[in-house]
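Below is one structure, written out as structure tokens, with a few remarks after it.
The values are calculated or read from the model by the stated rules, or taken from the named source; none is laboratory data. These figures come from a predicted structure and were not determined experimentally. Cβ sites come from the backbone with ideal geometry, for glycine too, and all protein chains shown count toward neighbours.
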Amino acid sequence: MASVAFIGLGNMGGPMAGNLLLAGHEVVVFDLQPEALQRLREQGAAVAGSAAEAARERDYVISMLPAGRHVAGLYLGDDGLLAQLDARTTVLDCSTIDAATAREVGEFAAASGVGFMDSPVSGGVAAAAAGTLAFMCGGDAATFERAQRILPDMGKNIFHAGPAGAGQVAKGCNNMLLAIHMIGSCEALEMGARNGLDPRVLSEIMLASSGRNWSLEVYNPYPGVMESAPASNDYQPGFMVDLMVKDLGLAMEIAEHSGVDNALGKLAQALYQAHSEAGNGQRDFSSILERLRQ
Ligand code: NAD
């Protein structure tokens, strides 16, 4: 059993902290929202009055916050958490943030003698609840090794992507590819349907052929093809369009920083941005199919 501080108990952090409790860890939580704290208290967590109080003398500090500025605000500076921790504590930031901030926090942690990894996740709220997230970790080998004590209680695939920031780069690469193959799958299905093909049959053909991809395999965007997919449930998320827009923005920063000419990534970002602005921000990202059907 490890002692864990968990900071940020929203849609993702709440169920992740719940799984640590179920696995028998001692969990101390902090969030700015009293309701989020109450939910975890009812599941057996201890509630702290501040992030610093939660983090004091823990084996692990985990954060799951909205964006880079929240993560920088929590960890950096003279009154940030990293200045108050020592080598006893391993820090895992699971938020999806810009790679530059993740590297900066990683460098600050190294200078403070604290093990840190950016550990963003893939999988969404359902995977957070089921404990089946994929973790993409950026940090040194010793920190990655120490994290094995708790990450398997929240996820099933845990990857060491490289040094600090590499987890966020891996997440950016993955989600840019996800956006591209989702849009590509929508275009292929719509083109087939307009030419008289049954989208179910076409999906089966492409799944057995070289067009096979994750969107077709487990998340078919065409209504009625796959009962469990958001497309068959009026595009209830799932993974919201606005979160895809956020992740594509982070991927564009990575591409720009490294001089990659990601024409398809840029196009995917523009299409998702327009889809969001048309009032679809809270719908599932596979609803991008409806743009083609208009
Ligand atoms: P959320 O908005 O539901 O939760 C964020 C929580 O952080 C809130 O409860 C908020 O009160 C808390 N918070 C903000 N600043 C804080 C601070 N300084 N101290 C303590 N608590 C603070 O967001 P979410 O959906 O849980 O997403 C969290 C992260 O996970 C984001 O970076 C998101 O991009 C990423 N992510 C989300 C999904 C998803 O499907 N929701 C999937 C993968 C990754």
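Below are the figures for this structure:
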read-out	value
Long-range neighbours under 9 Å by Cβ, at least six apart or interchain, first residue closer than 17 Å to GLY172 by Cβ and modelled with pLDDT of 95 or more within segment 265-281, second surrounded by 13 or more Cβ atoms within 10 Å (Cβ to Cβ) and among the basic types (Lys, Arg)	none
Helices (runs of 4 or more DSSP H) enclosed by segment 238-294 - at least 3 residues per element that are within 13 Å of the ligand (Cβ to nearest atom) and either of a type outside the set (Lys, Arg) or closer than 20 Å to ASP98 by Cβ (or both)	241-258
In segment 227-237, the residues that are of a type in the set (S, T, N, Q) and within 11 Å of the ligand (Cβ to nearest atom)	none
Selected residue (criterion: nearest to the ligand (Cβ to nearest atom)) from residues of segment 1-29 that are assigned to a loop (DSSP other than H, G, I, E, B) and touching a Leu at 6+ places or on another chain (Cβ under 7 Å)	GLY8
Qualifying residue in segment 122-139 (condition: among the hydrophobic types (A, V, I, L, M, F, W, C), more than 29 Å from VAL61 (Cβ to Cβ) and in contact (Cβ under 8 Å) with a residue 24 or more places away in the chain)	no
Extreme residue, surrounded by the most Cβ atoms within 10 Å (Cβ to Cβ), among residues of segment 135-194 that are more than 20 Å from ALA110 (Cα to Cα) and β-branched (Val, Ile, Thr)	ILE183
Qualifying residue in segment 79-96 (condition: touching a residue at least 40 places away in the same chain (Cβ under 8 Å), more than 18 Å from the chain's Cα centre (by Cα) and near the ligand (Cβ under 10 Å from one of its atoms))	no
